[in-house]
Amino acid sequence: MSLRPSRREVLQGSLLLAFALTGPRALGAAPGGAGLPGSLRRNPRLDAWLRIGADGGVTLKTGKVELGQGILTALGQLCADELDIDLSRLMVISGDTELSPYEGTTAGSNSVSEGGRAVRHASAEVRAILLDMASKQLGIPVEHLRVRDGTIRAGGAKGASVTYWSLVGGKALSREATGTVKPKPPIARHHAGRSVPRLDLPGKIAGEASFVHDLRPANLVHGRVIRAPSHGASLLEVGAAAVERMPGVRKVVRDGDFLGVIATKEWQAIQAAAALARSARWREEATLPADPYAWLLAQPSRDFLIEDTVRPTDVAPTRTLEAQYRRPYQMHGAIGPSCAVAEWDGERLTLHTHSQSVFETSAAIARMLRVPVDHVHGKHLPGSGCYGHNGADDAAADAALLARALPGHAVRVQWSREDEHACEPYGSAMVMKARAGVDAEGNVLDWHYELWSTPHGTRPGGHPGNLLAGRSLASPTPMPTPGNGGPPNYAADRNAIPLYGFPGRKVMTHFIPRMPLRVSSLRGLGAYGNVFAIESFMDELAHAAKVDPVAFRLRQLQDARAKAVIQKAAERFGWTAAPRARGHGRGIGFARYKNLASYCAVCMEVRVDPETHAIQVLRAVLAADAGEIVNPDGLSNQLEGGLIQSLSWSLKEAVRYDARRVTSRDWRSYPILTFSEVPPIDVALIERPGEPLLGVGEAAQGPTSAALANALFDATGARLRELPLTPERLAAALQGR
């Protein structure tokens, strides 16, 4: 299996795919997909997903993209199983607006549950079509035919045979999925359920040219954009003339507040951009709130009562507990700053980007350039993983504007570390309030939960106003007013409805469309803050009831799979009531992501230095139930990565700013977890063959933060309710007791 026909050809900008049967935009628009599984609903044409080559190669096309999560390997496993082919025959094309089916954004832990289901069913249908064709050609009933690596044969090894590629090699199937062909049962699968090695990793680890950052076509020039020093700043004047005379400078581009430069060599572009920045004079305003949480609580909000279950009994609670929790603005913190390469031929734009929403971002850029949407050909190439909406889409828009100013050249725009830190959209700050009325045994009778949050989704979505460049031009496109997601996934209120079976439940969302800082989707959206709050509060309730936190959770749950995950994590961790050593503590956090995807429980052990209050995470155990498992190693990698990222957020990360500007502009002013601080992580997976595929990419974010907070309480007796959980906050809490 190959990700592409030739990675090197792609990176040299010379990919030619002669087998495109019909443009996917046309295929994606095909009607009649209602009732089909996953992304097949949008793309019922089987040619949109698969092509059998005359040379024996099989091409799988997907709109989902590789973010480092191993999705292309997993989709390949599903396809190879249903088609009965060896993985080595498979090539995968992903995230190409002219070659791939439209599957929306790669986000929300939906790639396997939506894209994977589509690939599995499309492959099963294609296999059925091919078997029917073989039956007619061989004159043998379908039920007597067997397939092995694309060769259809009757009876034993010497029986009559025909191959997929001799039947349809190089031709279009011209058929739509019907949804009537059942995929294979679990026992008949050979690839799914195995830890197949990741196809994308060897090249990346060996330093091959794998990323968009490595793309170097022959006509390459380099661009840089000079960003406004603060949100909403206006460019008053700039000394462009002197910069245009600098060595290698091909063009200075100014359009309203958008300012960029193109040079022959990268260092020349860097020097020219620095000179432009020094000469630029901006008008700024002091608009940022000193206290983001007080600001949130004071803003007009759109209020949504998303859960209102009235308790059937009128027994008065014996006690009421309440607490408030806080989540700060946090970065994606991609290790590699964003990059894009664009080329304008005078009519059409070819765009290489590591955006997670190639189709929507390409459409937004087309509208920004005021050209038809199909005049921008978006192609995904891997970039630094971030799991959300970072600077990738804005870098693509920057490259597009500069490329239009210098037709016939591929313009590579590379953001700096400061660009990425200061300009990427952050994860929203949030305030969460929880209140519970309990009975004499501490069982929750009434649960009341409210949250305040700015948006968690301002991705381009086809709208140029969601691009930094789009609203910076002399004829700007205003940013559309963002909204909040509704059920079943929600956004700010993701996981705000607890999975516990409390008899009385009320959950209210206070959604604030205004944004003092630019925000958008960060891994898990509001689930990270909501699970932190709910699972911290559950720990507080357990301690108030003098009940073990694991036992307390189990007796409030009715979902058997939820109980099994908690029990698995506790067992693997060695959860015990035995006294801990001084300064040591253990905690647990649990959630079912979006209340409909993977179940995840995290147990964690910490040690707190009694003098410095330095926090050391000694070990973590994570148990998960993701339904059917396609690639166990890939699944474990996702969960481990999520836990580490969440641990970094929860221990260290918060965006700093003053009244005008973001002041977190490098790793010193925005520290993250270092390799030496990553604890040993043990992942236990619960196998559920035959169960639906559940997304897992964002499942660990919330439980990790709560397990950490609860372990710190166990170690010190101090309850921290504001993220990140730093030694300074711990010292202050201990001093204030």
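Go ahead and run the numbers for FRET between E98 and R582, Cβ-Cβ distance against an R0 of 56 Å, rounding to 0.05.
Working: r = 63 Å, r/R0 = 1.13.
Rounded to the nearest 0.05, the efficiency is 0.30.
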Let me check I've understood the local charge: for Y528, count other residues with C-beta under 15 angstrom from its C-beta, Lys and Arg +1, Asp and Glu -1. What total comes out?
+3
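Could you do me a favour and compute the accessible area per residue for the chain, 1.4 Å probe, result in Å²? Present the calculation step by step, with values, prior to reporting the outcome.
Numbers: 27660 Å² over 737 residues.
Value returned for the chain: 38 Å² of accessible area per residue.
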Quick check: Cα centre of the range 177-256 to Cα centre of the range 557-574, how many Å?
40
Just to be sure I understand the model, the point goes 7 Å from the Cα along the line to the Cβ. What's the resulting A188 to L596 distance in nm?
2.9
Below 29 Å, Cα to Cα, which lysines can K184 reach? Residues fewer than 8 away in the same chain don't count.
K61, K64, K136, K158, K171, K594
Note the full-extension length gain between E347 and R148 as 0.36 nm times their separation in residues minus their Cα-Cα distance, in nm to one decimal.
66.9 nm
For the chain, calculated [θ]222 nm from helices alone, where every DSSP H run of n ≥ 4 adds -39500 (n - 2.57)
-8000 deg cm²/dmol
Less than 16 Å from a label point 7 Å out along the Cα-to-Cβ axis of S195: which backbone N atoms in the range 600-623 qualify, by residue?
622-623
Calculated from backbone phi, Karplus (6.51, -1.76, 1.60) coupling profile of the range 287-296 in Hz, x at Gly/Pro
10, 8, x, 5, 10, x, 6, 5, 4, 4
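Where both residues lie in the chain, what percent of DSSP beta bridges are antiparallel, nearest 5? Before the final figure, lay out the partial values.
On the way: 83 of 113 bridges.
If we restrict to bridges inside the chain, about 75 percent are antiparallel.
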How many nm separate the modelled label positions at T663 and R283, each set 7 Å beyond the Cα in the direction of the Cβ?
2.7
Lysines with Cα under 18 Å of K433, excluding same-chain neighbours fewer than 8 positions away
K506
Estimate the FRET efficiency between A298 and S676 by the formula 1/(1 + (r/R0)^6), using the beta-carbon distance for r and 41 Å for R0, to the nearest 0.05.
0.50
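Using only alpha carbon pairs under 8 Å that are at least six residues apart, calculate the relative contact order of the range 38-185 and give it in whole percent. Provide the component values of the computation, followed by the final result.
On the way: 244 pairs, mean separation 49.3, N = 148.
In percent, rounded to a whole number, it is 33.
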Run the reach check for K546 against lysines, Cα to Cα strictly under 16 Å, same-chain hits fewer than 8 apart removed. What comes back?
none
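Show me 658-669, 444-455 ranked by packing, highest mean number of other Cβ atoms within 10 Å first.
444-455, 658-669
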Tell me the label-point distance for the pair D86, T178, using the 7 Å Cα-to-Cβ offset, in nm and rounded to one decimal.
3.2
With every protein chain present, what accessible area does M515 have (1.4 Å probe, heavy atoms only), rounded to the nearest 10 Å²?
40
For the chain, would you read off the P(r) tail past 33 Å as a percentage of all alpha carbon pairs?
53
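If you restrict to DSSP beta bridges whose two residues both lie in the range 45-194, what percentage is antiparallel, to the nearest 5? Walk me through the numbers before you get to the answer.
Numbers: 11 of 16 bridges.
So the antiparallel bridges amount to about 70 percent of the total.
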Heavy atoms of V253 accessible to a 1.4 Å probe, total area in Å² rounded to 10:
20
Kyte-Doolittle cut-off -1.0, length cut-off 24 Å along the helix's own axis using Cα: show which whole DSSP H helices in the chain pass.
117-138, 527-544, 632-652
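Arranged from highest to lowest average of other beta-carbon atoms within 10 Å per residue, in what order do the peptides 618-629, 725-736 appear? Intermediate values should be presented prior to the final figure.
On the way: 618-629: 24.1, 725-736: 14.7.
By packing density, highest mean first, the sequence is 618-629, 725-736.
Given Cα pairs under 8 Å that are at least 6 residues apart, what percent is the relative contact order of the chain?
Values: 1729 pairs, mean separation 98.1, N = 737.
Reported relative contact order: 13 percent.
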Which whole-Hz couplings ³J(HN,Hα) result when phi for each residue of the range 327-343 is put into the Karplus expression 6.51 cos²θ - 1.76 cosθ + 1.60, θ = phi - 60°, listed in order with x for Gly and Pro?
10, x, 5, 9, 8, 5, x, 4, 4, x, x, 5, 8, 7, 10, 10, 9
Can you give the accessible area of D308, probe radius 1.4 Å, in Å² rounded to 10?
90
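Just the number, please: carbon plus sulfur as a percent of the accessible area of the chain, 1.4 Å probe, no ligands or DNA/RNA counted.
51
Ordering I205, I365 by accessible area with a probe of 1.4 Å, largest first, what comes out? Please report the intermediate quantities before stating the final value.
Numbers: I205 135, I365 0 Å².
Listed by decreasing accessible area, they come as I205, I365.
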Estimated FRET transfer efficiency (Q616, E208; beta-carbon r; R0 41 Å; 0.05):
0.65
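The values are calculated or read from the model by the stated rules, or taken from the named source; none is laboratory data. Given the structure is predicted, the values throughout are model-derived calculations rather than measurements. Methodologically, a virtual Cβ is constructed for each residue, glycine included, from the backbone with ideal geometry; neighbour enumeration extends over all protein chains shown. Ligands, DNA and RNA are excluded from the accessible area calculation, which covers all protein heavy atoms including side chains. Shrake-Rupley method; radii C 1.70, N 1.55, O 1.52, S 1.80 Å.
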